[in-house]
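Any read-out appearing in this document is the output of simple, stated calculations on the displayed coordinates, not a laboratory observation. All figures in this text were calculated on a predicted structure; none of them were measured in a lab. Quick reminder, even Gly has a Cβ in these numbers, built from the backbone with ideal geometry, and neighbours come from all protein chains shown.
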């Protein structure tokens, strides 16, 4: 069965995020004054063959820890859909 | 009221995504043979002052179109939480 997996990766709270700061400044310069706490991360979308949703989620966590995210500086969240 | 907004940006279907191809090759080299159709995009997380969730969503779409996403090459999706 094919599952669609999204791995959402963001810098950990407390880590410097110069890219997020730059986006925040640019948004404010464009007039979006009501914005704050901008963080920029990565989104990895992939299709995955697995027998169950639990198996797909476990494989996703393994892939995120092995390659996709940097556990020292980043946190990740998985979204699995059937 | 403060809303939490996530802007999920991915290359449009049909656009070349060399970063996604590289991640797919690396996952397969690590033994994750059950993976395909890997796409790499950006995730932008921000806090936003707005009166209603609809207003937050409309502001998010405006920001995504003005600055965060490239509408020629990318699609975006918004997630708003209270």
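Miscellaneous remarks
- Selection within region B:14-51: residues that are more than 7 Å from every other protein chain (Cβ to nearest Cβ) and in contact (Cβ under 8 Å) with a residue 24 or more places away in the chain. The member of this set that is farthest from residue A:53 (Cα to Cα) is B:51.
- Top-ranked residue of region A:54-77 - restricted to ones that are touching a residue at least 24 places away in the same chain (Cβ under 8 Å), out of contact with any helix residue (DSSP H, G or I) (no Cβ under 8 Å at 6 or more places or on another chain) and more than 17 Å from residue B:33 (Cα to Cα), ranked as farthest from the other protein chains (Cβ to nearest Cβ): A:73
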